[in-house]
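Worksheet: the structure to be examined is printed underneath.
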Amino acid sequence: MTAPLPPVLPIKALRRFTSCFLARSEAEAELHRAEGAWATAERARQEGLLAVDHALAAAADFPATLALVLEASSFQGYPTTTDEHDRRIPPCAVAHLGEGLWLHHTRLAPSAFVPARDLMALLAPHPTEGYQLTAIDDDASLARTLIGLGLHHGKGCSEAFVPRQR
């Protein structure tokens with residue numbers, strides 16, 4: 001005995017399901033891509049915010065200068081990126097200080113031998129090299145750098161700001 005043929009041949013039914021299946025699969029793939037892009041953007045945003053937090057904490061180590069004039073809105077945070085040679089560039093925060101001067105902060109991740117470190121640097125306009133990068137460690141190095149760059153405009157300290165010996 002042979003089984004009777006179904007009223008619709010399977011290939012005809014499969015053709016109808018195939019187009020619906022492909023459309024649904026493409027829609028799901030697009031949704032997955034959009035969710036991945038959103039997650040990547042959110043990670044980058046969070047890294048930028050964390051870079052700003054680290055920069056503010058590092059600025060607190062400059063109690064007589066940077067800590068007095070910078071706040072969270074002074075900084076723009078940037079997430080991890082890569083350069084043209086696919087080298088990883090860690091997250092950073094940058095603050096525009098005016099007169100072409102920028103403050104750059106990067107926190108270097110800890111390793112097995114070295115704890116996490118904060119690197120603060122001033123970027124100042126340079127007549128031939130575009131910008132000059134100068135690392136700063138504390139209020140004194142910042143003051144020396146600003147004086148060396150000629151950005152103090154000849155203004156001296158008033159006696160109220162000169163530290164007194166005890």
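Rounded to the nearest 0.05, what FRET efficiency is calculated for Ser73 and Ser111 with R0 set to 41 Å and r the Cβ-Cβ distance?
With R0 = 41 Å, the Cβ-Cβ based efficiency is 0.80.
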Q | Spacing of the two label points (7 Å from each Cα toward its C-beta) at Arg16 and Glu30, in nm | A | 2.4 nm
(Q) Beyond 25 Å, how much of the Cα-Cα pair distribution for region 41-156 remains, as a whole percent? (A) 26 percent
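If you rank His32, His85, His54, His96 by fewest surrounding Cβ atoms within 10 Å, what's the result? Could the numbers behind the result be given before it?
Numbers: His32 10, His85 5, His54 20, His96 13.
Least crowded to most crowded, the residues run His85, His32, His96, His54.
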Q) Put a dot 7 Å past each Cα toward the Cβ at Ala37 and Arg87; how far apart are the dots in nm? A) 3.2 nm
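Since every read-out is calculated from the coordinates, none of them should be taken as a lab result. A quick note: this is a predicted structure, and the numbers were derived from the prediction, not measured. Quick reminder, even Gly has a Cβ in these numbers, built from the backbone with ideal geometry, and neighbours come from all protein chains shown.
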